[in-house]
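Have a look at the structure below, then the notes.
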Amino acid sequence: MMLDKLHTIMDEACKWGNKNWGTSIRFPTPTKNFMVSSAFSSGIISSAILIYGLFFNKKWILLFGGLGIISSVFIYRQSVKND
């Protein structure tokens, strides 16, 4: 899955940084509940941004709100697939 691949890449980057800079950073593995709540809150905020763009006729704001809603749907679908 896409999020698993992203987690692997970030984990490898943390390992590289730990080795080369002498730090102790670990990339956390998100749980299903965290991903669902993240998708829900992102959807609410993106909807508010979309409504703002509609009321004030701002096309760029509409675009960002729409992209935010699409990303929250993507995150939610990935969290459901992890079951």
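What the table below lists for this structure:
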{"read-out": "The listed residue being touching a Leu at 6+ places or on another chain (Cβ under 9 Å), at pLDDT below 90 and among the hydroxyl-bearing types (Ser, Thr, Tyr), out of SER46, SER24, SER79", "value": "SER79"}
{"read-out": "Complete set of residues in the range 5-24 that are open to solvent by less than 100 Å² (accessible area, probe 1.4 Å) and touching a helix residue (DSSP H, G or I) at 6+ places or on another chain (Cβ under 8 Å)", "value": "THR23"}
{"read-out": "Extreme residue, surrounded by the fewest Cβ atoms within 10 Å (Cβ to Cβ), among residues of the range 28-83 that are in contact with a Lys or Arg (Cβ under 9 Å, 6 or more places away or on another chain) and in contact (Cβ under 8 Å) with a residue 12 or more places away in the chain", "value": "ASP83"}
{"read-out": "Hits in the range 1-21 - residues which are in contact with a Lys or Arg (Cβ under 9 Å, 6 or more places away or on another chain), among the hydrophobic types (A, V, I, L, M, F, W, C) and modelled with pLDDT of 85 or more", "value": "CYS14"}
{"read-out": "Considering residues of the range 33-83 that are of a type outside the set (Phe, Trp, Tyr) and outside any helix (DSSP H, G or I) only, the residue nearest to MET2 (Cα to Cα)", "value": "ASN82"}
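The values are calculated or read from the model by the stated rules, or taken from the named source; none is laboratory data. Quick caveat: nothing in here was measured; it's all calculated off a predicted structure. Here the Cβ is made from the backbone with ideal geometry for all residues, glycine too, and neighbour counts use every protein chain on show. Accessible surface is based on the protein model in full, side chains and every heavy atom, while ligands, DNA and RNA are left aside. Shrake-Rupley method; radii C 1.70, N 1.55, O 1.52, S 1.80 Å.
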